[in-house]
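Here is the structure we will look at, set down as C-alpha cells.
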Amino acid sequence: MSDYDYDLFVIGGGSGGVRAARVAASEAGARVALAEEDRYGGTCVIRGCVPKKLMVFASGYHDIHEEAQAYGWDMQPGTFDWSRFKPKLDAELDRLEGIYRKLLKNAGVTTYDARAKLKDGHTVELSTGETVTARHILLAMGGRPVRPEVPHAELGHVSDDLFHLETLPKTALIVGGGYIACEFACILHGLGVEVTQYYRGAQILRGFDDEARGLVAEMMKDRGIDLHTGTDIVQMKPADEREGEPETGGGMGPSQQDAGEEATGTYDRPKGPVWVQGSNGQEREFDLVLYATGRKPNTDDMGLEEAGVTLGRMGAVKVDEYGATSCESVHAIGDVTNRVNLTPVAIREGMAFVETVFKDNPTPADHELIPSAIFTQPEMGTVGLSEEAARDQEEIEVYATSFRPMQTAFADRPHRVMMKLVVSKATRKVLGCHIVAPEAGEMIQLAGIAIKMGATKEDFDRTCAVHPTMAEEIVTMRHPVRTG
Ligand code: NDP
C-alpha cells in the first residue's frame, strides 16, 4: 500500500493535464487526482483555439455574398450580430467543458475545483484548505497573456477578454505581430470591425518563412486591415480624459501602478474609447485596444522554487526531454514549460510523461517537424524550416509558386495563394513546406506526414496530382526558383 494519497496529482485541467491524468488512470491503473482553479479545458478549449476557431468560421462569411453573386447567386450582403453568436459560443464551451469533466470522471480521476500549489515535492496544498500527497506531481498550469510594461497598459484588452465582450467594437487597434495578433486582426475585420494593427518589427509573424509571411501581410492589407509595421503605441489614455489635457509626452499617469499588470480579465478596466498616439504619428481613438504581445507561464506563487523546482526565463519550469524538473518527483508539460506552446504538443508531452513514469517506457517529447497553422485570412500552414533558416544550415533548392486560385479568380477577386518547398541539395529531403491559402491548416497536416517520414523532393514529384485543386501545385513544381 502506497504512503501517498495518490500516485499522481496533476495541477491544471487544460488539454495536456487532462490527457495525462486520464491516460495514467485508465491505461496505467494509477490513482490520479487533478486540480483546476478555473474552467476545465484550459486555454485551448475555454479561451484559445476552440472559441478562436469558431470566431474564424464566423468571420469567414464576411464577403461570401460577393463570391456567391459572381457564381450567379442572388445573395445580398448582411451584417454580423454578436448577440446571436455569443450565446451559442458560450453554450458550446459549456458543452465542451462538460465533456472534459466527464472524461476525467469516467477514467476514475478525482477532481478538485480549487487552486493547488506545492508544499513540497510530494505535497499539494489546495485553496480549500486541504493538503494531499502524491508519489508524482505533474505541473500543467499553462500560461496567460501579458501586457507590456507601459503606462496605461490596463486600458488594453488581452485575448482572454475578447470571448467575453458584451458588444463588438466599431474600431479596434491590435498591438503585436504574432499568432494571436494576426488571427484576431483577421477575425475582427471579418466580423465587421474597422481594424488597425501596430507591429513594432519590420514584418509580422517573425520567425516564419519570409515569403509566406510577406504574402499574409499583403493579403491582410488588401482585405482592409490597416497594418502599420515598425510602429508601437507611444501613449494612450481614456478618450474622455484627453479633452483639454496637456500633452504628457508619454509620462506616467495615475494608473502607473497597473502598468504591465498581468492579465486576468477580471479587474476593472475603464469603459469607453481609448485615445492612442502611435510612433507613426497617428493620433486617434479606438473602441478597443488589444494587446497580443505574448504569453507567460503560470508559475507565480506556486511554491515551485521552495520545493526545489528550477524556473528559467519568463518563469518557465525548466525540464529535460522527459519533462523531469529539478525536483525528482515533479514533472511539467505544456505551456508552463514555454517550449512549443501548442495544444497538440502539450497533449503529446502528457502522453510521453505517462509512458516514461507509469509504463516504464522512457519516451522523450518529440519537438521535431511540428506542423502548425495560423488562422489568418488566408491561413498559413507551415512545417519544418523556413527558407532563411534552412539556408543558414545548408545548401538548398527552393520550389515555390504563387497564383490566383480558380475559385476566387472566377469571382474576380485579387486573392493569391502560395506553395513552397525548401529542399536539401545534399539529401533531397524536404526541409520545410509553407502554404498560404484557404484551408492551409488542413493541407499542412497531410504534408506534415510526408515530411516527418523524410520525404524527398522526388517523392513529392512521383505523387500524382489531384486535379483540379490548389494543393496539386505542391507536387507539380518542376524547377527551383532559387538555389544556394
Ligand atoms: P507571440 O510570441 O507569437 O507574439 C507576440 C507578439 O507581440 C510579437 O509580434 C512581439 O514582437 C510582440 N511584442 C512582444 N512584446 C511587445 C511589446 N512590449 N510591445 C509591442 N509588441 C510586443 O505571442 P502570441 O501571444 O501571439 O502567441 C503566444 C503563443 O500561443 C504562440 O507562440 C503560439 O505558440 C500559441 N498560439 C498558437 C496559435 C495557433 O497555433 N494557431 C494561435 C494562437 C497562439 P516581436 O516579434 O518583435 O518579438
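Every read-out reported here was derived from the displayed coordinates using simple, explicitly stated rules and does not represent laboratory data. Remember, predicted model here, so these are calculated numbers, not experimental data. Note that each Cβ is placed from the backbone with ideal geometry, even for glycine, and that neighbours are counted across all protein chains shown.
Between region 1-76 and region 373-396, the C-alpha centres lie 26 angstrom from each other. Radius of gyration over Kirkwood radius for region 25-155, both on Cα atoms: the Rg/Rh ratio is 1.15. Put a plus charge on the Cβ of each Lys and Arg, a minus charge on the Cβ of each Asp and Glu, and nothing anywhere else: the dipole of region 143-214 about its Cα centre is then about 120 debye.
Region 66-105 has equivalent-ellipsoid semi-axes of 37, 13, 5 Å, by the square roots of 5 times the alpha carbon gyration tensor eigenvalues, sorted largest first. Straight-line cross-link reach from Lys86 at under 16 Å between alpha-carbon atoms covers these lysines, not counting any fewer than eight positions away in the same chain: Lys52, Lys53. Between Met75 and Val481, the contour length at 0.36 nm per residue exceeds the Cα-Cα span by 142.0 nm. Each Cα pair under 8 Å and six or more residues apart adds its separation to the average, and for the chain the resulting relative contact order is 16 percent.
In a simple Cβ point-charge model (Lys, Arg +1; Asp, Glu -1; nothing else charged), region 428-484 has a dipole of about 340 debye relative to its Cα centre. Judged by the mean number of other Cβ atoms found within 10 Å, the most tightly packed of the peptides 411-418, 340-347 leads the ranking 340-347, 411-418. Applying the Karplus relation 6.51 cos²θ - 1.76 cosθ + 1.60 with θ = phi - 60° to region 205-221 yields 3J(HN,Hα) values of 6, 3, x, 8, 3, 4, 5, 5, 6, x, 5, 4, 4, 5, 5, 4, 5 Hz, where x marks Gly and Pro.
So for the pair Ala91, Thr456, with labels modelled 7 Å out along Cα→Cβ, what separation do we get in nm? Spacing of the two 7 Å Cα→Cβ label points: 5.6 nm. Sequence-ordered 3J(HN,Hα) estimates for region 63-80 from the Karplus curve with 6.51, -1.76 and 1.60 and θ = phi - 60° stand at 10, 5, 4, 5, 5, 4, 4, 5, 8, x, 7, 8, 10, 9, x, x, 10, 8 Hz, glycine and proline given as x. Here the chain is treated as a sphere whose radius is the Kirkwood value from Cα pairs; by Stokes-Einstein at 10 °C and 1.306 mPa s it diffuses with a coefficient of 65 µm²/s. Among rounded, prolate and oblate, which fits region 146-231 when a ≥ b ≥ c are the square roots of the eigenvalues of its C-alpha gyration tensor, a/c under 1.5 means rounded, and a/b larger than b/c means prolate? Note, shape of region 146-231 comes out oblate. What is the Cα centroid distance between region 136-172 and region 270-298, reported in whole angstrom? Each part reduced to its Cα centre gives a spacing of 12 Å. As an exercise, take the mean of 1/r over every pair of distinct alpha carbons in region 368-439, invert it, and state the Kirkwood radius in angstroms. Value: 13.1 Å, from the Cα pair sum. Amide H contacts for Thr310 (H built 1.01 Å from N in the peptide plane; partners 5 or more residues away or on another chain; cut-off under 5 Å): Lys318, Ser326, Cys327.
Over the C-alpha trace of region 333-484, radius of gyration and Dmax come out as 17.5, 60 angstrom.
Using alpha carbons only, how many angstrom separate the centre of region 407-449 from the centre of region 78-104? If we compute the Cα centre of each part, the gap is 32 Å.
Note on region 360-446: dipole from Cβ charges, positive end direction compared against Ile396, Pro378, Ala411; the farthest Cα belongs to Ala411.
Computed from backbone phi, the HN-Hα couplings of region 229-234 come to 8, x, 9, 9, 7, 7 Hz, rounded to whole numbers (Karplus: 6.51 cos²θ - 1.76 cosθ + 1.60, θ = phi - 60°; Gly and Pro given as x). Its residue count N fixes a reference of 2.2 N^0.38 Å for region 16-99, and the Cα radius of gyration divided by that reference is 1.64.
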